[in-house]
Amino acid sequence: MNEEIKLEGDAEAQSNRHSKKTYLSFSMYQLSWTIIVSTYNLFLFYYYHTVIGLEAWVIFLATVFTTIWASLNDPLIGYLTDRNFKWTRRWGRRFPWIVLGALPFCFSIILIFSAPDASINPWPAFFWFIFSQFIFELFITLADVNIGMLRVDKFRTEKERRIYSGYFGPLDMIAQVFGMTIPPLLIIPALGSSSYTLMAILVAVIAFIFTLLFIPSAREDKIIIDRYFSRDYERISFFKGLGAVLKQKSFLGFWIIYSTFLIATTIMTAMIPYLATFLLQVGPDIITVLFAIFLTGALISVPVWLKLLKKFNNNKKVYTMGGFILSGTLIPVSLFIGIIDVAIYMFIVGFAMGSIWAIGIPVIQANVQDDFVVRTGKNQKGVLVGVGALLSIFTAFIDELVIAIVYGITGFHGGIKDYTELVATVANVDLVLWGIRFLLGIIPMLIMLIGTIIFWRIYPLTQDKVLANKAKLKELGF
């Protein structure tokens with residue numbers, strides 16, 4: 001029996017029904033998403049802390065409110081949209097929601113970087129932060145939840161998912177190039193906050209163009225739509241779905257390692273402007289150079305990681321290997337001496353991080369969603385995505401909390417715009433600088449290492465189990 005499943009799974013794993021144009025077009029959303037989110041992660045904390053003048057603890061407090069909203073918003077949208085409507089036969093289950101969310105999402109970044117000055121009164125900027133984040137989270141969730149579920153329905157086999165990862169990974173990194181190298185070039189310190197607004201407008205236009213290129217591949221074809229009607233539709237209640245998800249070790253393992261990866265990289269990314277301004281004492285253009293080096297390492301690594309994935313034919317093993325290697329490469333980043341060695345360390349970190357980008361979402365997450373469908377017998381992955389978002393309430397503001405704690409301990413106040421002002425206003429400058437160093441490498445390393453160990457210990461999807469799930473999905477008509 002096991003041999004029959006394996007043979008059927010092997011045959012299913014090699015099937016592919018999409019053109020190269022479809023893979024390329026569907027990957028374009030990752031360009032839009034990454035350009036916006038990279039800009040957001042790179043400058044959000046720095047912008048509100050040093051340019052607008054909010055204290056770190058105020059930014060953290062605002063993030064708590066926006067995280068609560070996001071954690072309610074995500075499962076609600078996932079649950080409400082994961083059903084057949086009267087237009088589903090014609091337009092698909094996901095496509096209308098994707099269009100409604102993805103296009104406005106591109107321009108929501110402009111609101112975030114148009115905040116009022118907080119030097120006299122911090123509260124208008126505080127509430128602006130919350131309001132703009134609410135809008136941003138609404139549209140990104142509407143798009144991401146439905147695109148995430150469509151991705152799994154569209155690319156069903158292991159071969160399709162690995163082909164897709166070959167487009168997804170490099171394009172994601174190209175987007176990182178745009179998102180992390182172009183915006184810093186637009187920053188003119190003399191113009192103050194206006195530079196950031198102009199930067200956001202340009203980013204929004206670029207993202208909108210890539211989203212338009214993505215839209216054609218977001219249409220579900222007849223095969224996908226028929227799957228939505230392949231069985232009598234019986235909705236899973238949210239609480240029943242919550243219980244099913246929390247019992248699923250594959251989901252918990254992936255959610256933990258990916259959450260720690262996001263926390264670690266968000267902290268590290270947020271520190272890069274501080275690295276340039278306060279440690280290296282150079283202009284924002286050096287950010288472009290450092291990220292170009294970092295992303296060069298990442299781009300070079302993608303075919304290497306995909307080759308390892310093909311060689312070992314073991315998704316869990318290669319993903320775990322990447323997590324441990326990435327953790328180790330983060331340590332030297334805190335201990336650099338000058339710009340040359342920090343550039344070398346950035347290249348090495350980028351090479352290691354390619355494993356998470358190339359394998360995590362395209363392969364591991366898709367396997368987890370398949371596992372959920374097999375366990376429940378229902379092709380309703382919105383509950384899975386929604387519960388993951390709900391659990392994120394416990395992790396989504398950890399990066400801001402960690403930064404606020406470190407800055408509070410070291411005495412790094414809001415509104416300090418450069419090294420000269422830091423020396424003039426802070427009692428222990430070296431303590432502040434070491435705080436930035438620890439946030440650049442050691443602290444992200446500890447967070448990533450914890451997530452990787454937990455994933456290694458509890459994630460249950462061996463390659464045989466992945467193939468068995470594929471066979472079961474075929475049997476269920478999904």
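The values are calculated or read from the model by the stated rules, or taken from the named source; none is laboratory data. Nothing here was measured: the structure is a model prediction, and the numbers come from that model. Using ideal geometry, Cβ is built from the backbone for each residue, glycine included, and neighbour counts are taken over all protein chains shown.
Residues in region 403-428 that are within 17 Å of Ile52 (Cβ to Cβ) and under 31 Å from the mean Cα position of the chain (by Cα): 10 in all. Among the residues of region 55-77, is any part of a loop (DSSP other than H, G, I, E, B) and either touching a helix residue (DSSP H, G or I) at 6+ places or on another chain (Cβ under 6 Å) or not aromatic (Phe, Trp, Tyr) (or both)? Yes, some residue in region 55-77 is part of a loop (DSSP other than H, G, I, E, B) and either touching a helix residue (DSSP H, G or I) at 6+ places or on another chain (Cβ under 6 Å) or not aromatic (Phe, Trp, Tyr) (or both). Given the residues Ser108, Ser114, which is the only one that is polar (S, T, N, Q), surrounded by 21 or more Cβ atoms within 10 Å (Cβ to Cβ) and either in a helix (DSSP H, G or I) or in contact (Cβ under 8 Å) with a residue 60 or more places away in the chain (or both)? None of the others qualify; the one that does is Ser108. Contact annotation: residue pairs with Cβ atoms under 6 Å, 6 or more positions apart or on different chains, pairing a residue in region 35-49 that is farther than 15 Å from Ala62 by Cα with a partner that is surrounded by fewer than 24 Cβ atoms within 10 Å (Cβ to Cβ) and at pLDDT below 85, are Ile35/Phe178.
The helices (runs of 4 or more DSSP H) found wholly in region 241-346 include none carrying at least 1 residues that are surrounded by 21 or more Cβ atoms within 10 Å (Cβ to Cβ) and touching a strand residue (DSSP E or B) at 6+ places or on another chain (Cβ under 7 Å).
With the requirement that a residue be closer than 11 Å to Ile224 by Cα and touching a His at 6+ places or on another chain (Cβ under 8 Å), what does region 150-166 give you? Once the filter is applied, which keeps residues that are closer than 11 Å to Ile224 by Cα and touching a His at 6+ places or on another chain (Cβ under 8 Å), region 150-166 yields Lys154, Phe155. Just one of the listed residues (Val349, Val368) is modelled with pLDDT of 80 or more, within 24 Å of Ile286 (Cα to Cα) and touching a Phe, Trp or Tyr at 6+ places or on another chain (Cβ under 7 Å), namely Val349. Restricting Gly408, Gly441, Gly435 to residues that are at pLDDT 90 or above and in contact with a Leu (Cβ under 8 Å, 6 or more places away or on another chain) narrows the list to Gly441. Restricting attention to region 455-464, the residues that are out of contact with any Ser or Thr (no Cβ under 6 Å at 6 or more places or on another chain), surrounded by fewer than 17 Cβ atoms within 10 Å (Cβ to Cβ) and not hydroxyl-bearing (Ser, Thr, Tyr) total 3.
I need a count of the residues in region 456-466 that are out of contact with any Leu (no Cβ under 9 Å at 6 or more places or on another chain) and assigned to a helix (DSSP H, G or I). The number of residues fulfilling the criteria is 6.
Could you tell me which residue of region 130-180 is nearest to Val37 (Cα to Cα), considering only residues that are polar (S, T, N, Q) and in contact with a Leu (Cβ under 8 Å, 6 or more places away or on another chain)? For region 130-180, the residue satisfying everything is Gln176. Does region 84-96 contain at least one residue that is within 24 Å of Glu400 (Cα to Cα) and within 21 Å of the chain's Cα centre (by Cα)? Checked region 84-96: no residue is within 24 Å of Glu400 (Cα to Cα) and within 21 Å of the chain's Cα centre (by Cα).
This table checks each residue for (1) of a type outside the set (A, V, I, L, M); (2) within 14 Å of Val402 (Cα to Cα).
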position: Leu433; (1), (2): no, no
position: Phe438; (1), (2): yes, yes
position: Ile447; (1), (2): no, yes
position: Pro460; (1), (2): yes, no
position: Val466; (1), (2): no, no
position: Asn469; (1), (2): yes, no
position: Glu475; (1), (2): yes, no
